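Participant: Quick one: the structure is below, questions incoming.
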Amino acid sequence: MKNFITTIWSSYQKHRGIITPISFGVGFVMDSLSTKRIDVMKDNYKLLVFLVLAGLFIILFHLVEQQRIKAGLLVKYQNLIPAGIQFFLGALYSNHVYFYFQSSAGLKSFIFITLLLALLLTNEFYKNKWSSLYLQFGMYFLAAFSFFVFFMPLFTKTMNRDTFLLAGALSVIFTLSFLMIVLLIIRKGTRILVIKTAAIIVISYGLLNAFYFLHWIPPVPLALRYSGIYHHMAKRGFQYELQYEKPSGLEFWRKSNKVFKWMPGDTVHCFAAIFAPTEMNKTIHYLWEQYIPEKKNWVLQDDQSHVLQGGREGGYRGFSRKTIITPGEWRIEIKTEENELLGSLEFEVQRVQNDYERNLETILR
């Protein structure tokens, strides 16, 4: 048995350069597969534990690195500590990317997610231990920030600017608390690195607040599950019957209108299913915009809204309809009352002379 353990440890020592990123990936994949809903509190408390454990492993890393602990299992197996940090961060980020991707709409939100992933990959290319201090706490702060941004609305049952600012402040306090412990551990000559790291965290916090007001951060915990444009809509028991123009063979997968074949008297329906956590109510706006070639711009024609009630797995089903419409290019932007984009639908209204020019199909949602 002892020889077996020695062999395993020797193998780890030899290949630890690839084991650390692999452990990151294992944590990432495992938690992606196990997570279903953002509002399951026991899962969120588990993520909070992972966040604390990642911070504790960072502290252990510096305790051993600074030789504050000089003997024992932590020293003997010190090379496992970075793998532990990466594992817990991988589990955290797997949830963050999953939830933020679900809530993202538009190029700005995808830019934020791309930046998030780029930071994770960048971490693997830094070998200098003191240089990695910036990355350790940079990644940790972003993990804490991303967690509290979607956790606080679940806890307070509200989602607005004040909730976001509170979440950001908690993430700064949380991160700086662990950083201050590291400050007590390291040698005096290198404490300037900790001070610079704290400055980076504060600057990052300011940038993330700017991202929020620029609507670069997806509106978690809300997520658009489904949306489409339809000719007719009627409720049948617990489902909605929706009629749409049957697409061409190349677009057989489409289940809503991309081209709305319109006759005077028709009503255009926008149907959407938006997920929100249990006990959260939110006003959702449907902004009907028409593209005006003369102005070379989208012009707002109507703003309709309804109150979303959270809790349904498939999303709260709501709709907006327009009876007065003209042929041309149209767009419906689905937004929160804070002007955060949940989704956008573009379609063309084409006038036809009779029903024979339409080929309607029905689905249930």
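The values are calculated or read from the model by the stated rules, or taken from the named source; none is laboratory data. For clarity, every value in this text was computed on a predicted model and none was experimentally measured. Please note: Cβ atoms are built from the backbone with ideal geometry, for glycine as well, and neighbour counts cover all protein chains shown. Heavy atoms of the whole protein, side chains included, go into the accessibility calculation; ligands, DNA and RNA do not. Shrake-Rupley method; radii C 1.70, N 1.55, O 1.52, S 1.80 Å.
Participant: Residue 226 is checked against (1) in contact (Cβ under 8 Å) with a residue 60 or more places away in the chain; (2) buried (at least 20 other Cβ atoms within 10 Å of the Cβ); (3) within 30 Å of residue 160 (Cα to Cα) and fails just one. What number does that condition carry?
Facilitator: Of everything listed in (1) in contact (Cβ under 8 Å) with a residue 60 or more places away in the chain; (2) buried (at least 20 other Cβ atoms within 10 Å of the Cβ); (3) within 30 Å of residue 160 (Cα to Cα), residue 226 misses just condition (2).
Participant: How do the pairs read when you match residues in region 44-57 that are free of Cβ contacts under 8 Å to residues at least 40 places away in the same chain with residues anywhere that are of a type in the set (A, V, I, L, M), using Cβ under 7 Å and keeping only pairs 6 or more apart or on different chains?
Facilitator: 57/81; 57/85
Participant: Residue pairs, Cβ under 9 Å, 6 or more apart or interchain, first in region 95-111 and of a type in the set (Lys, Arg), second modelled with pLDDT of 75 or more and in a helix (DSSP H, G or I). List them.
Facilitator: 108/211
Participant: A further question on this structure: Run down 101, 155, 110 and say which single residue is at pLDDT 75 or above, open to solvent by 60 Å² or more (accessible area, probe 1.4 Å), in a helix (DSSP H, G or I) and more than 18 Å from residue 171 (Cα to Cα).
Facilitator: Only one candidate passes the filter, namely 101.
Participant: With the requirement that a residue be in contact (Cβ under 8 Å) with a residue 60 or more places away in the chain and open to solvent by less than 40 Å² (accessible area, probe 1.4 Å), what does region 277-292 give you?
Facilitator: Across region 277-292, the qualifying residues are 277, 280, 282.
Participant: Looking only at region 340-365, count every residue that is surrounded by 12 or more Cβ atoms within 10 Å (Cβ to Cβ) and under 30 Å from the mean Cα position of the chain (by Cα) and tell me the total.
Facilitator: 10
Participant: Next up: For the condition open to solvent by less than 30 Å² (accessible area, probe 1.4 Å), part of a helix (DSSP H, G or I) and at pLDDT 90 or above, what is the one hit in 148, 174?
Facilitator: 148
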